[in-house]
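Just below is one structure, and these are the notes that go with it.
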């Protein structure tokens with residue numbers, strides 16, 4: 001008993017030539033070569049499992065690129081009509097924009113943290129001559145600048161823009 005069959009991937013003769021050229025050019029980025037191999041292998045009838053084993057990728061990644069290729073068939077046709085098929089293919093095989101995790105600390109909070117580190121620690125009641133990231137973290141939480149912060153994060157801020 002086998003699992004569900006992946007949807008077939010259609011590649012025109014012109015697209016196959018471009019994908020093969022991308023794979024053979026030694027100056028192409030590895031991510032582009034790998035994704036081109038996924039598309040050509042899928043068009044040749046390779047299963048997702050087979051491709052994930054051969055390329056050393058997780059099934060989800062192989063499936064993602066196969067599905068994205070099929071979803072953007074019209075974009076490739078427009079690129080071919082404009083004489084920009086290779087550019088269309090390369091753009092299609094690039095990663096989508098991902099915004100990432102929002103910043104935990106505002107620029108204003110970072111400035112205040114660095115300002116605390118530039119003060120004399122004895123003025124804040126610490127019996128030391130120089131701040132350590134641990135004491136800065138304790139002080140900025142005590143002052144309500146941030147609700148919490150790790151010692152490592154304070155160290156990173158000070159390394160980037162300390163006094």
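Just so it is clear, none of the values below were taken in a lab; they were calculated from the coordinates. On a predicted model such as this, the values are computed, not experimentally measured, just so you know. Note that each Cβ is placed from the backbone with ideal geometry, even for glycine, and that neighbours are counted across all protein chains shown.
Worth a mention:
- With each label modelled as a point 7 angstrom along the Cα→C-beta vector, the residue 159-residue 25 pair spans 3.8 nm.
- For the chain, the longest principal axis of the Cα atoms and the long axis of helix 151-161 meet at an angle of about 90 degrees.
- Shape call, the chain: gyration tensor on alpha carbons, a/c limit 1.5: prolate
- Expected 222 nm ellipticity per residue - DSSP helices of 4 or more, -39500 (n - 2.57), all of the chain, to 500: -18000 deg cm²/dmol
- Shape category assigned to the stretch 8-80 from the gyration tensor of Cα positions, a/c cut at 1.5: oblate
- Inter-label distance for residue 61 and residue 13, nm, one decimal - labels placed 7 Å from Cα along Cα-to-Cβ: 3.4 nm
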